[in-house]
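A.B. asks: Quick one: structure below, then a few questions.
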Amino acid sequence: MKNDIKVIILKIVFGVYLVVSLASCIGVYKCLRDDGNDNNNTEESSKIEAELGNHILFRNAIINMNGIMRNIMGVRTMNNVIKLDNGYCATMNDKTPHEVLESDASNLEKFNDYLSDRGIPLIYVSTPYKIAKGEEGIPLSAKGQEFTNENVDEFIDLLNETSVDYVDIREKMNNDNINQYDYFFRTDHHWNMRGGLYTYSIIENWLCKKLNCQVDENISNVNSYTFENYRKYHLGSCGQRTGLTFVNGADDFEIAIPNYNVYLEKSNNTLITDFIDYYDKDQLLKKSYKSSFYDRIFKSTTFGYINKFSRNDKKILVIGDSMAMTVYPFLALGFKEVNFIWHSSDKSELREYIENYKPDAVVIIYYPIELNSGANYCFDFGM
C-alpha cells in the first residue's frame, strides 16, 4: 500500500515537473522569437526580461520538485550536496595534494616568523568542517568521496613541525563533549553565532595569556547575551544549490545581543551603543531565499572597531574568511581595537599595513576548504 502511494505521488510530481518545464521553455521561446522581428524595440526587450524573470521562477520550481522527488525516492545527493543521517547538508571536497598543504604550512610559518621578529604573536584558528570528523552518517553513495577532515589532519601534522601556534576547534569541541552540529546551520556550511562565541572564548584565553591582559568576563559568557531568533530566514549555501525542498526547509537565524553596555566606534566614525546597530538592520527586515541571509547580515560588519569600554589597550588584526564573521563581533567587544582583512584580498601591501597598524596580535580564522587554494596562504613574506 505504501509503495502504491509513493508511486502515485511520484507520478503527480513528475507530471507537474514536465508541465512547468514545458511552460518555461515555451514562454522564453515566444519572447525571443517575437523580439527577433525588432531588436531595437525597448518594449519587447522589457517583455523578454519579464519572461526571463518568470523563467527563473519556473527554474526554482523545477529545482524544488527535483528535491521532492529525491526525498521521496530516498536519494540524498544533489548538485554535490549530501544529506547526512541527521538531516544536515554539506558539500564534498577532493583530497588536497600534499605539496599544496606543504606550501600552505610553509607560507604560514614564514608569516609567523616575520611577526615573531617584531614581537607580534599569531594564532591560526582551524574551524571545523561541516561534516564532523569520524561522521558515519554519510550516504552510502557518497562514502569515500569527502576528504576535508583528512586534509585538515595532514595540515595540522605539518604545523606541528613548525613554531606556529594553532587551535583545532574540532578537537576542542570533541574534548568538551560538544555536538558540533548544534553550532552549524542545517542548510549552510557556516556556523551560527553560538559557534562563533564558543570559538571566541578559546581565542580570548590564548590572547589574554600571550598579551598579559584582561577582558570583561561577560564577553565569553553565553548567558550574557539574548539570542534573537529570525524564524526560517536563512537558506544557506547548500540550500542555494538544491532549493528548499531537498534540505527540508529554511533555517532559523539567531543574532547575539549583549545584555551589558557597549560603546563601539566604527572606522566610518559611527557609534554603536545598541548592538543591533552592529548588523545590517535593513536585511533584518528582508526575508528572502534568493541569497544567503548569513552573507547579507554580516556583509557590512568588517569595519575596524574601537571599544570605548575595553578593559585592555590591545589591538587585534584578524585575517579571515566568512567563518570569521560570527567570531569578529565578540573580538570587537573584548579588545580595545580590532581590524579585519579578508582572506582573498591582495596581500601585497600586508607588510606595510602591519608596520603602520602595529597590532599586538594577529588572529587567522579559516574554514578548512581554504587549504585547497594555496593563494589564501600566500602572505607575501617569503623573503
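A.B. asks: Full extension from ASP113 to ASP216: what is 0.36 nm times the residue separation minus their Cα-Cα distance, to one decimal in nm? Write down the numbers at each step before the final one.
C.D. replies: Numbers: separation 103, 0.36 × 103 = 37.08 nm, distance 3.08 nm.
Full-extension gain reported as 34.0 nm.
A.B. asks: Here is a further query. Between segment 131-201 and segment 204-268, what's the alpha-carbon centroid distance in Å?
C.D. replies: Taking the Cα centre of each part, segment 131-201 and segment 204-268 sit 18 Å apart.
A.B. asks: Among ASN307, ILE255, SER291, pick out the residue whose Cα is farthest towards the positive end of the charge dipole of segment 254-383, where Lys and Arg carry +1 and Asp and Glu carry -1 on C-beta, about the Cα centre.
C.D. replies: Ranked along the dipole, the leading option is ILE255.
A.B. asks: Among CYS208, LEU108, ASN79, whose Cα sits farthest toward the positive end of the charge dipole of segment 76-232 (+1 at Cβ of Lys/Arg, -1 at Cβ of Asp/Glu, about the Cα centre)?
C.D. replies: So the residue we want is ASN79.
A.B. asks: Which trypsin sites (Lys or Arg not before Pro) in segment 102-179 sit in a loop by DSSP (not H, G, I, E or B) and have at most 15 other Cβ atoms within 10 Å of their own Cβ? It would help to have the intermediate numbers written out before the result.
C.D. replies: Working: sites: LYS110, ARG118, LYS130, LYS133, LYS143, ARG170, LYS172; in loops: ARG118, LYS130, LYS133, LYS143.
Passing both the DSSP loop test and the Cβ count: ARG118, LYS143.
A.B. asks: Among the chymotrypsin sites (Phe, Trp or Tyr not before Pro) in segment 190-297, which ones are in a DSSP loop with at most 16 other Cβ atoms within 10 Å of the Cβ? Mind listing them? Spell out each step's value before the answer.
C.D. replies: Numbers: sites: TRP191, TYR198, TYR200, TRP206, TYR225, PHE227, TYR230, TYR233, PHE246, PHE253, TYR260, TYR263, PHE275, TYR278, TYR279, TYR289, PHE293, TYR294; in loops: PHE246, TYR260, TYR263, TYR279, TYR289.
Sparse-neighbourhood loop chymotrypsin sites (Phe, Trp or Tyr not before Pro): TYR260, TYR263.
A.B. asks: With a/c under 1.5 counting as rounded, go ahead and sort segment 269-325 into rounded, prolate or oblate using the C-alpha gyration tensor (a ≥ b ≥ c being the square roots of the eigenvalues; past the cut-off, prolate if a/b is larger than b/c, else oblate).
C.D. replies: Numbers: a/c = 3.43, a/b = 1.64, b/c = 2.09.
Because a/c hits 1.5 or more and a/b fails to exceed b/c, segment 269-325 counts as oblate.
A.B. asks: Positive end of the dipole of segment 93-377, charges at C-beta (+1 Lys, Arg; -1 Asp, Glu), about the Cα centre: which of PHE340, LEU371, VAL222 has its Cα farthest in that direction?
C.D. replies: The Cα lying farthest towards the positive end belongs to VAL222.
A.B. asks: What per residue convex hull volume, in Å³, do the alpha-carbon atoms of segment 143-232 yield?
C.D. replies: 133
A.B. asks: Which of rounded, prolate, oblate describes segment 93-377, given a ≥ b ≥ c as roots of the alpha-carbon gyration tensor eigenvalues and a/c under 1.5 marking rounded, otherwise prolate only if a/b is larger than b/c?
C.D. replies: Here segment 93-377 falls in the oblate category.
A.B. asks: Find, among the GluC sites (Glu not before Pro) in segment 125-215, those assigned to loop by DSSP (not H, G, I, E, B) with at most 16 other beta-carbon atoms within 10 angstrom. Numbers along the way, then the final one.
C.D. replies: Working: sites: GLU135, GLU136, GLU146, GLU150, GLU154, GLU161, GLU171, GLU204; in loops: GLU135, GLU136, GLU146, GLU161.
Counting only loop positions with at most 16 other Cβ atoms within 10 Å, the GluC sites (Glu not before Pro) in segment 125-215 are GLU136, GLU161.
A.B. asks: Would you please put 101-109, 317-325 in order of how densely packed they are, using the mean number of other Cβ atoms within 10 angstrom per residue and starting with the highest?
C.D. replies: Values: 101-109: 19.4, 317-325: 22.1.
Sorting 101-109, 317-325 by mean packing, highest first, produces 317-325, 101-109.
A.B. asks: If packing is taken as the mean number of other Cβ atoms within 10 Å per residue, what is the order of 267-274, 352-359, highest first? List each step's numbers first, then the result.
C.D. replies: Working: 267-274: 11.1, 352-359: 13.1.
So the order, starting with the most tightly packed, is 352-359, 267-274.
A.B. asks: Turning to a different aspect of this structure: Tell me, what is the FRET efficiency for LEU285 and THR77 to the nearest 0.05, using R0 = 45 angstrom and their Cβ-Cβ distance as r?
C.D. replies: Details: r = 35 Å, r/R0 = 0.79.
Between LEU285 and THR77 the formula returns 0.80.
Values quoted throughout were computed directly from the atomic coordinates according to the rules given, and no laboratory measurement underlies them. If you're wondering where the values come from, they're calculated on a predicted model, not measured in any experiment. As a convention, Cβ positions derive from the backbone with ideal geometry for all residues, glycine included, and neighbour counts pool all protein chains shown.
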